[in-house]
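Heads up, the thing below is written out as structure tokens.
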Amino acid sequence: MTSGSSAWSPSAMTLSGQLRAVRVLTGLLERGDREGLPVLEWTISHNGAQVTGRSYAQPGSARRAALAAWAAALEITLGEEYHPSSRMTTITGTAERERTRHGSATITLTGDIWED
């Protein structure tokens, strides 16, 4: 954006979405701390207001429990997809355009669990 211009460029809109996602993520981390929720790896998307929490807890049962705890707190329904070739189950759930005090963002929880 040039000085004095009032037009939003695509990159400025993306940055605005990322800033909103950071604010949403801050709220999620504060809530997780208050409620004693498990630690997840959190990322924001390069293209806007999307926040993803991924569990790497070990063993797989702890990973499943971490995702379930966050899903319950955020009222996200988790689904599972089994991949026979890798003997892995992917757990994913998304809250589309979750309203927060900072605006809206898409929040996704995910994790992969391998058979023992």
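The values are calculated or read from the model by the stated rules, or taken from the named source; none is laboratory data. In this text, all values refer to a predicted model and were calculated from it rather than measured experimentally. As a convention, Cβ positions derive from the backbone with ideal geometry for all residues, glycine included, and neighbour counts pool all protein chains shown. These area figures cover heavy atoms from the full protein model, side chains too; ligands, DNA and RNA do not enter into them. Shrake-Rupley method; radii C 1.70, N 1.55, O 1.52, S 1.80 Å.
Numbers below:
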quantity	calculated
Additional length obtainable on full extension of the chain from Thr14 to Leu74, 0.36 nm per residue less Cα span	19.1 nm
Dipole of the range 20-75 [Lys/Arg +1, Asp/Glu -1 at C-beta], most positive-end residue of Val24, Leu37, Val51	Val51
Those trypsin sites (Lys or Arg not before Pro) in the range 15-116 that DSSP places in a loop and that have at most 12 other beta carbons within 10 Å	Arg87, Arg101
Full-stretch length increase - Asp33, Thr110 - with 0.36 nm per residue and alpha-carbon distance subtracted	25.8 nm
With all protein chains modelled, accessible area of Val22 [1.4 Å, Å²]	60 Å²
Per DSSP, loop chymotrypsin sites (Phe, Trp or Tyr not before Pro) in the range 23-86 with at most 15 further Cβ within 10 Å	Tyr56
Accessible-area ranking of Glu80, Glu75, largest first, probe 1.4 Å	Glu75, Glu80
Rounded FRET efficiency, nearest 0.05, which uses the C-beta distance separating Glu96 from Ala62 and R0 of 22 Å	0.20
